[in-house]
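Below is one structure, written out as structure tokens; comments come after it.
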Amino acid sequence: MEAVGQMRVVSGFSGIGNEEIISKLVDVKPEKYMVYKPLIHRNAETGEKNIILSRKVYKQCFQGKGIIIDTTVQGTMMLREKHPSIFSFFILPQSFEELLNKVCVGESRANVCKKLHQCLKEIECVDQFNYLLINDGSDYIPNFMDLLFSPVCRKAWGANEKEKKLLTEIKEGIIRYLEENEAYADA
């Protein structure tokens, strides 16, 4: 009988290209890992949102594959309600400037402000993630896969001072940008 795989949730700020990183993760060892983007369903009667994992995900996991669940911060919070022991990773850009560059691509200033407001909301949930990881380029991808599914992950929690400092700098940068562009933030 094959070993049971594990599920990991990977998320980050909305709209800054985390999908690129996640798809590269599976390219490293496609026979060992699978990426799954779950559906978030809204109940028509109650308006409540619910995240849905397909049977295929559970089947692949029970057959020994490592499952990387690519979802939003909101999706991660819903998954943690259903599966409190699932490990989650929040990917940070290298700097506020990098976040801003990714958010600004082809967007009006009003839309940039709207996206940055969303990033602020997402920062409020970061403490619910097991790990904060800095996206410092694609060279670390093979090591990242090993980290995601490492037994060490079962015993650790949190972020080191480097990640905490970066998160604070990003939050301060967002607030500063929104204050400087207040006229656009309300548009």
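No value in this document is a laboratory result; all are computed from the given coordinates. Quantities reported herein were computed from a predicted structural model and do not represent experimental measurements. Every residue, glycine as well, gets a Cβ built from its backbone with ideal geometry; the counts of neighbours run over all protein chains shown.
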Normalised by the number of residues in the chain, what is the relative contact order in percent for Cα pairs under 8 Å and 6+ residues apart?
27
In whole Hz, with x marking every Gly and Pro, tabulate ³J(HN,Hα) for the range 166-177 from phi via Karplus 6.51 cos²θ - 1.76 cosθ + 1.60, θ = phi - 60°.
4, 4, 4, 5, 5, 4, 5, x, 5, 4, 4, 4
Give the lysines reachable from Lys59 as a straight Cα distance under 18 Å; neighbours fewer than 8 places away on the same chain don't count.
Lys32, Lys37, Lys82
Stretch Glu45-Asp136 to full length: gain in nm at 0.36 nm per residue minus the Cα-Cα span?
28.4 nm
Of the listed values [x] 51, 37, 25; [y] 54, 33, 27; [z] 61, 46, 29, identify the label whose number matches Cα extents along the principal axes in Å calculated from this model.
[z]
Can you list the residues, at least 5 places off or on another chain, whose amide H is less than 5 Å from the amide H of Val9, using H built in the peptide plane?
Ile69, Phe87, Ser88, Phe89
Within the chain, what percent of beta bridges assigned by DSSP are antiparallel, to the nearest 5?
20
Just grab the label-to-label distance for Lys59 and Lys102, each label 7 Å out from Cα along the Cβ direction, in nm (one decimal).
3.3
Taking a label point 7 Å from the Cα of Ala183 along Cα-to-Cβ, the residues of the range 73-108 whose backbone nitrogen sits under 17 Å from it are 108
